[in-house]
Amino acid sequence: MPILEVQELVKIYPGGVKAVDGVGFAVEEGEIFGFLGPNGAGKTTTIRICVTLLAPTSGRVVVDGVDVVRQPEEARHRIGYAAQSVGVDDDLTARENLVLQGRLHGLSKGDAHSKASELLEVIDLLDEGDRRVGTFSGGMRKRLDLAQALVHHPRLLFLDEPTTGLDPQNRRALWNYLRALNDSGVTIFLTTQYLEEADVLCGRLAIIDRGLIKVEGAPDTLKAGLGGDVVTVTLPGDAADELVSKARRVLGEVPGCTEVTIADTSLSLVLKDGATRLAGLVRALDAAGVPVVRLELAEPTLDDVFLRHTGERLRVDEVRPPSRMAHGRRRP
Amino acid sequence: MARMFREIHVLWKRNLVKLFRVPMLLFFSLFQPLLFLILFSQVFGSMAKLPGFGYDNYLQFLVPTIVGLTALNSAFQSGMGMVNDIDSGLLDKFLIAPIRRSSILLGKVAADATRMALQSVLIIAVSYLMGARFKTGIPGVLAMILIAVLFGIAWAGISNVVALRTRNSELTMLIGILITFPILFLSTGFMPAVLLPDWLDTVAKFNPISYLVAALRALVNDGWDWTAMWQALAVTAGLAVVTLTAATRAFRKMVG
């Protein structure tokens, strides 16, 4: 039985905004499952319904056999939640924050204190434990917030954009921590708008856009599902529209080529067995007299998966992983 | 039952620790009552000589008003703490903890009440040093504090309604001040009813703060005036039903 089961979830806010439009998925015990999508896709709404902070318009969420709408209190014992904005009290120390959460989750005074010390050590804040949180950096606050969600040994952890706003170093540290947590048996459901995060952290993920799940699966399976490598052809910056259309036509006729999309003077496409067919593609462009200033062949990323299923790129301030030039490398 | 007390106790303690961590806030909410106490007792001192004023000196007359004002001051700031907890995401943390939602509100009420009581004690101590004397002694002082705190809790309901509806801390403060001060000055707090113009006398009769002040004033100057005390408690109860129901509703609406 899945530890989290979401069925036909719909949320219409007062005023008629449909934030979630029939979302359904299941998370198995021991997984890291992710929701990948842009801002406004319905990620936070879904997570807030799951953690009993928001009532759904319709649909069902079952956590560990407990219906979160019918038995919210039972469900609360089983889940931990860290929101996108950190929920820590600046006027209290890190330790006091943890003890407070422990006490609210039914721990005795002694247990709450020993759990607080244990967690401070885990998140590497033991030395700063008795400092007021108001003096903490963003990364420290985020870690503390995460520890707060763990005081009561939840079996299922909900994390809403856990690394948004963190610098790359802190982001990586948090990933490592989440992996260790997952290894210790905690199932994690997280949302993210970072492709790399979804890629390296999630065993399975769902791409969500405009309140709907577009596709679901393991990152590698989703990427393989594109059926080829991603080729990006860049024409000169002053290329006329007719030239771009011509390039598109030429590329469309290359064997194994699908899904040509255009952004400015740059065209990207999926090419089956890219490394072996690239030469043919170049020859076709050359024969047609299309000038090329840059040519890239890369393994597909989740952004390419996102593009196929939503028709748009997931534009977040994030650089594409270094792409490999024309000599290419085969997908593992 | 034991569980509920533990939840309330944990949240009460947290709210108080927070309060003492920011002494500036405590200082500023005491500063104004102290200023009023010192300035008004000097500036309006000669008013006690007016025929029909009815009190030996203005300080004796003023102290109960300032005790009430102290409670009201904490009361109209109460909602700001609520806005803070909403903004900082802490309210969400409380809401997903397996505790009763009412414990969140009661923990807040208990902390507000403690703050009002402590501040009242301080004001009473200062006024004692200034020469004020309390007819009903220590039991009377305790009764004064109790009545003022209960009234303050009822008043804090207004602030929390504004807080939950606007979720804006400055607005909560501003509306709190705008509601509290005109009503305070339209009461018998600074002038006995006999010396008020007719229209103001009528307004003061319908003003809940007048009843609070009357009961406190009786305890300081006249003795155990049970009628005044019951009237004050009845007015407080009526006010509390309205404001706390509205606050609870606003809270329920917000948390869905």
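Hey, can you tell me all the residues within the range A:58-85 that are within 20 Å of A:LEU144 (Cβ to Cβ) and surrounded by fewer than 21 Cβ atoms within 10 Å (Cβ to Cβ)?
Within the range A:58-85, A:GLN84, A:SER85 qualify.
Could you tell me which of the residues A:LEU36, A:LEU54 is assigned by TED's automatic domain parsing to the domain that holds A:ARG155, over 30 Å from B:LYS18 (Cα atoms) and at pLDDT below 95? Please lay out each step first, then the result.
On the way: A:LEU54 fails: over 30 Å from B:LYS18 (Cα atoms).
So the residue among A:LEU36, A:LEU54 that is assigned by TED's automatic domain parsing to the domain that holds A:ARG155, over 30 Å from B:LYS18 (Cα atoms) and at pLDDT below 95 is A:LEU36.
Looking only at the range A:67-89, filter to residues that are without any contact (Cβ under 8 Å) to a residue 60 or more places away in the chain and facing chain B (nearest Cβ under 7 Å); which one of those is farthest from A:ASP160 (Cα to Cα)?
Here is the first cut: in the range A:67-89, the ones without any contact (Cβ under 8 Å) to a residue 60 or more places away in the chain are A:67-76, A:85-86, A:89.
Still in the list and also facing chain B (nearest Cβ under 7 Å): A:73, A:76, A:85-86, A:89.
Values: A:GLU73: 21, A:ARG76: 16, A:SER85: 9, A:VAL86: 10, A:ASP89: 19 Å.
Going through the qualifying residues, I end up with A:GLU73.
Against the condition of a type outside the set (Asp, Glu), modelled with pLDDT of 95 or more and in the same structural domain as A:ILE32 (by TED's automatic domain parsing), how does A:LEU181 come out, does it pass?
Values: of a type outside the set (Asp, Glu): yes; modelled with pLDDT of 95 or more: no; in the same structural domain as A:ILE32 (by TED's automatic domain parsing): yes.
The answer is no for A:LEU181.
Going through the range A:108-124 one residue at a time, which ones are surrounded by fewer than 20 Cβ atoms within 10 Å (Cβ to Cβ) and either within 11 Å of chain B (Cβ to nearest Cβ) or of a type in the set (A, V, I, L, M, F, W, C) (or both)?
A:SER108, A:LYS109, A:VAL122
Could you please give the count of residues in the range A:161-211 that are under 19 Å from A:SER137 (Cα atoms) and either within 10 Å of the chain's Cα centre (by Cα) or among the β-branched types (Val, Ile, Thr) (or both)?
4
Here is a list of conditions, (1) part of a loop (DSSP other than H, G, I, E, B); (2) exposed (fewer than 15 other Cβ atoms within 10 Å of the Cβ), and A:ALA239 meets all of them except one; can you say which number that is?
Of (1) part of a loop (DSSP other than H, G, I, E, B); (2) exposed (fewer than 15 other Cβ atoms within 10 Å of the Cβ), only one is false for A:ALA239: (2).
Does B:SER88 satisfy the condition of being surrounded by 22 or more Cβ atoms within 10 Å (Cβ to Cβ) and closer than 16 Å to B:ARG167 by Cα? Step through it out loud before you land on a result.
Values: surrounded by 22 or more Cβ atoms within 10 Å (Cβ to Cβ): no; closer than 16 Å to B:ARG167 by Cα: yes.
Answer is no for this residue.
Counting residues that are away from chain A (no Cβ under 14 Å) and within 30 Å of A:GLY87 (Cβ to Cβ), which helices (runs of 4 or more DSSP H) fully inside the range B:37-139 reach at least 1? Lay out the reasoning, then the answer.
Values: elements: B:58-87, B:90-96, B:101-129.
Those helices (runs of 4 or more DSSP H) span B:58-87, B:101-129.
In the range A:112-146, which residues are out of contact with any strand residue (DSSP E or B) (no Cβ under 9 Å at 6 or more places or on another chain), of a type in the set (A, V, I, L, M) and modelled with pLDDT of 90 or more?
Of the residues in the range A:112-146, the ones out of contact with any strand residue (DSSP E or B) (no Cβ under 9 Å at 6 or more places or on another chain) are A:112-127, A:134-141, A:143-144.
Filter once more, so that each one left must be of a type in the set (A, V, I, L, M): A:112, A:116, A:119-120, A:122-123, A:125-126, A:140, A:144.
A:ALA112, A:ALA116, A:LEU119, A:LEU120, A:LEU125, A:LEU126, A:MET140, A:LEU144, listed by residue number.
Among the residues that make up the range A:30-47, is at least one of them under 20 Å from A:ARG155 (Cα atoms), in a loop (DSSP other than H, G, I, E, B), of a type in the set (Asp, Glu) and more than 14 Å from chain B (Cβ to nearest Cβ)?
Yes: the range A:30-47 contains one or more residues that are under 20 Å from A:ARG155 (Cα atoms), in a loop (DSSP other than H, G, I, E, B), of a type in the set (Asp, Glu) and more than 14 Å from chain B (Cβ to nearest Cβ).
The values are calculated or read from the model by the stated rules, or taken from the named source; none is laboratory data. Predicted model, so just to flag it, every value in this text is computed and none were measured. Here the Cβ is made from the backbone with ideal geometry for all residues, glycine too, and neighbour counts use every protein chain on show.
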